[in-house]
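The values are calculated or read from the model by the stated rules, or taken from the named source; none is laboratory data. This is a predicted model, so every value here is computed, not measured. Backbone-built Cβ (ideal geometry, glycine too); neighbour counts: all protein chains shown.
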Amino acid sequence: MPTFDFRFLVEASLPAVREFHHDTRALKRLTPPPTLVQLHEVEPLGEGSVSRFTLWVGPLPLRWTAVHRDVSQTGFTDIQAEGPARRWEHTHRFTAITPQLTEIHEHIEFEHKSGFWGVVTRMLFAYPNLWLMFTWRKFVTRFFLRRSAATVGHPAGGEATMQPLPAPVPAAKR
């Protein structure tokens, strides 16, 4: 069974990372272009919560139903109940490195169907494509967490200026 792992650090507290992922807008934010996501139903993240959406990859609609389990302070798993793959289980784990530095570990286990959708998922979920998708997610997650941190306490409700960021983490620690 194929697996994929991706780890990265964000300069944010574990609670901030958790809240970012609990936001019902997260899937739309984390989906890289040119893929479009159409949300049909997104329940607030909790044990047994369901998300129904369609990923549009060009003219191809990938209809997906995800059920969440193992929801905790340090992550969650989304499982494809219906969708293009035979099996898709995506675990998100958050580990506090320091009070303001968190590691995000994405782990996916999946299996392909046979036939047309098997060909589609073999192309879409090939390692280079997953790496590009999660690299996009890394940058988007960092952007939104920086934006959130910079606007905390702003009287306009978080829609204004950015504040200077702390010095970046050395590349050797990423």
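What the table below lists for this structure:
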item	result
Near pairs, Cβ below 7 angstrom, 6+ apart or cross-chain, from the stretch 18-32 (small (Gly, Ala, Ser)) to any residue that is surrounded by 18 or more Cβ atoms within 10 Å (Cβ to Cβ)	Ala26/Phe20
Single residue of Glu11, Glu47, Glu89 found to be more than 16 Å from the chain's Cα centre (by Cα), acidic (Asp, Glu), at pLDDT 95 or above and surrounded by 15 or more Cβ atoms within 10 Å (Cβ to Cβ)	Glu11
The stretch 50-83, residues that are outside any strand (DSSP E or B) and at pLDDT 95 or above	Gln73, Thr74, Gly83
Unmet requirement for Leu45, which otherwise passes all of (1) assigned to a loop (DSSP other than H, G, I, E, B); (2) touching a residue at least 60 places away in the same chain (Cβ under 8 Å)	(2)
Filter result (of a type outside the set (Phe, Trp, Tyr) and part of a loop (DSSP other than H, G, I, E, B)) within the stretch 100-149	Gln100, His112, Lys113, Ser114, Ala126
Single unsatisfied condition, Phe116 versus (1) over 19 Å from His22 (Cα atoms); (2) surrounded by 13 or more Cβ atoms within 10 Å (Cβ to Cβ); (3) free of Cβ contacts under 8 Å to residues at least 60 places away in the same chain; (4) not small (Gly, Ala, Ser)	(2)
